[in-house]
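*Asks:* There's a structure below that I have some questions on.
The values are calculated or read from the model by the stated rules, or taken from the named source; none is laboratory data. Keep in mind that what you see is a predicted model, and the values were worked out from it rather than measured. Glycine gets a Cβ as well: all are built from the backbone with ideal geometry, and neighbour counts include every protein chain shown.
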Amino acid sequence: MRRKTKTTGPGRAGIPARMSAWVGRRQRELSNWVHEAGDEHARQYGWEVTKSTRRFGFGARSYRDPRFDDRRRQLSPVAAQVHERDHSEASHQDEGVAR
């Protein structure tokens with residue numbers, strides 16, 4: 001024989017959970033409404049939009065232009081050359097001090 005377990009229905013125990021869910025939904029809706037124009041503008045230019053939760057549960061956005069990845073890759077060999085040049089000069093100076 002199966003026993004039925006008592007579930008929390010629409011009684012007093014469920015009120016805080018329902019209120020919390022309602023407030024969370026309203027916060028997300030408000031955040032989406034506030035950021036709607038910025039999100040659309042960013043997507044129009046091919047930017048990545050990242051949603052996150054910030055203080056008091058309201059949403060925040062981060063906008064990122066993926067073209068900066070290409071720029072970083074372009075600069076990497078140059079940055080390596082500059083680092084090597086600076087590092088080798090420092091090594092030669094250290095050799096002079098050690099003698």
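*Asks:* Does the stretch 81-96 contain at least one residue that is in contact with a Lys or Arg (Cβ under 9 Å, 6 or more places away or on another chain) and either part of a helix (DSSP H, G or I) or at pLDDT 70 or above (or both)?
*Replies:* No, the conditions are met nowhere in the stretch 81-96.
*Asks:* In the stretch 26-52, which residue that is farther than 29 Å from residue 70 by Cα and among the polar types (S, T, N, Q) is surrounded by the fewest Cβ atoms within 10 Å (Cβ to Cβ)?
*Replies:* Among residues in the stretch 26-52 that are farther than 29 Å from residue 70 by Cα and among the polar types (S, T, N, Q), the one surrounded by the fewest Cβ atoms within 10 Å (Cβ to Cβ) is 32.
*Asks:* Then there is this: Please enumerate the residues belonging to the stretch 40-59 that are farther than 19 Å from residue 25 by Cα, assigned to a helix (DSSP H, G or I) and touching a residue at least 12 places away in the same chain (Cβ under 8 Å).
*Replies:* Listed by number, the list holds a single entry, 42.
*Asks:* If residue 14 meets every condition in (1) at pLDDT 85 or above; (2) surrounded by fewer than 12 Cβ atoms within 10 Å (Cβ to Cβ); (3) assigned to a helix (DSSP H, G or I) apart from one, which number is that one?
*Replies:* Residue 14 satisfies every listed condition except (2).
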